[in-house]
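Please read the structure below before turning to the comments.
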Amino acid sequence: MRALLIVNPNATSTTPAARDLLAHALSSRVQVRVVQTTHRGHAAELARRAHLDGTGLIIVHGGDGTVNEVVNGLLGVPEPGAMSAMTIGPVPLLAVVPGGSANVFARSLGIDPDPVIATNQLIELLELRERRQIGLAHCDGRWFTFNAGLGLDAQVCEAIDVARAKGHAATPSRYVRTSVRTFFRTRGLAPTLTVEVPGHDPVDGVHYAFVSNSSPWTYLNRRPVSVNPETSFDTGLGVFAMRSMGVAASLPVVRQLLTPGSNPKSRKLFRIDDTPRVRITSTTPIGLQMDGDYIGKRTDVEFVAVRNALTVIAPSRG
């Protein structure tokens, strides 16, 4: 099998040594070509070209942003109004060796966050011919793999992007500090969001909303943060919408999110773990993020789940 190894040399935990180890190990199983990204959007260009060239496997060594680019390069722009039953033509297999800070997508698939361990895991999975079909989701004309959101999390992602541009690493501690600052800076603002889910009355008065395609929603080092525990790559979308920014209402929910096996509940929380689509509107433009990448401000976004959109090299159960 011909394979393309796409490496983001600027990802948080990507090193030349890990790249060389990965390339050497893969050469015993596949005919591999290694390319490093040089600019934003380059991973998508490489994936698109590899698809057209008939490459059978694409391995990503980078963070969630690089994975997102590759997925969008492979699948292209979702058709307007595309439904969850849309058919996607054959695309190369996808494998991921974590190289970023959070690596949510890979870890949700059961891939170890350590690049060396993940390399050995990938070689074993290739030898066993183990693969898995997973669902993805799209909104605003692009695909996302594990989560998206409007409001609080998008503002955090925007602030992290600014910090990265200034040379600051996107560490878990920086995400926590940024989240806390953003929460207290915006908690006095009026809610602007309305959430519409099939089979439910519209929910208004929402301050921020997360839309998940898998669980956990993210990680703090090795601690999983699960906003929609029953959501997975094999279900529809999870929706987590808070109708309060009060400390008294928020702290119990945060504790639940950080407690393994918890099932987040609150009078101020609207949560659905399996829906084919969700529409979120805002009375004023509000930030949108996908897979940790800040997209921009929007007032009307529809999120759609697509089953069996991609085949990945991963354990049969993540």
Which is the longest run of the chain containing none of the trypsin sites (Lys or Arg not before Pro) found in DSSP loop states (not H, G, I, E, B) with at most 13 other C-beta atoms within 10 Å?
-> 41-128
Cleavage-rule hits, GluC sites (Glu not before Pro), region 31-137, DSSP coil, Cβ neighbours within 10 Å at most 16 | E130
Remind me, relative contact order of region 1-105 in percent, using alpha carbon pairs under 8 angstrom and six or more residues apart?
-> 36
Per-residue [θ]222 nm for the chain (sum of -39500 (n - 2.57) over DSSP H runs n ≥ 4, rounded to 500) = -9000 deg cm²/dmol
Hey, what did the chain get for relative contact order, percent, Cα under 8 Å, at least 6 apart?
-> 21
For the chain, compute Rh as the Kirkwood radius over C-alpha pairs and then the Stokes-Einstein diffusion coefficient at 25 °C and 0.890 mPa s; write the answer in µm²/s, rounded to an integer.
-> 124
Would you mind getting the accessible area per residue of region 132-274, heavy atoms of the protein chains only, 1.4 Å probe, in Å²?
-> 45
What is the magnitude of the charge dipole of the chain about its Cα centre, with +1 placed on the Cβ of each Lys and Arg, -1 on the Cβ of each Asp and Glu, and no other charges, expressed in debye to the nearest 20?
-> 720
Expected sort for 155-161, 227-233 on mean C-beta neighbours within 10 Å, highest first, is 227-233, 155-161
Whole-percent carbon and sulfur share, accessible surface of region 150-200, 1.4 Å | 58
Check cross-link reach from K166 to the lysines: straight Cα distance under 25 Å, and skip same-chain residues fewer than eight apart.
-> K297
Only Lys, Arg, Asp and Glu count, each charged at its Cβ (+1, +1, -1, -1), so figure out the dipole size of region 256-318 about its Cα centre, rounded to 20 debye.
-> 280
Per residue, the convex hull enclosing the Cα atoms of region 131-202 spans a volume in Å³ of 170
First check a/c for region 227-270, with a ≥ b ≥ c the square roots of the eigenvalues of its C-alpha gyration tensor; if it is under 1.5, answer rounded, and if not, answer prolate when a/b is larger than b/c or oblate otherwise.
-> oblate
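The values are calculated or read from the model by the stated rules, or taken from the named source; none is laboratory data. Predicted model only: the values in this text are computed from it and were never measured. Backbone-built Cβ (ideal geometry, glycine too); neighbour counts: all protein chains shown. These accessible areas exclude ligands, DNA and RNA; they are computed on the full protein's heavy atoms, side chains included. Shrake-Rupley method; radii C 1.70, N 1.55, O 1.52, S 1.80 Å.
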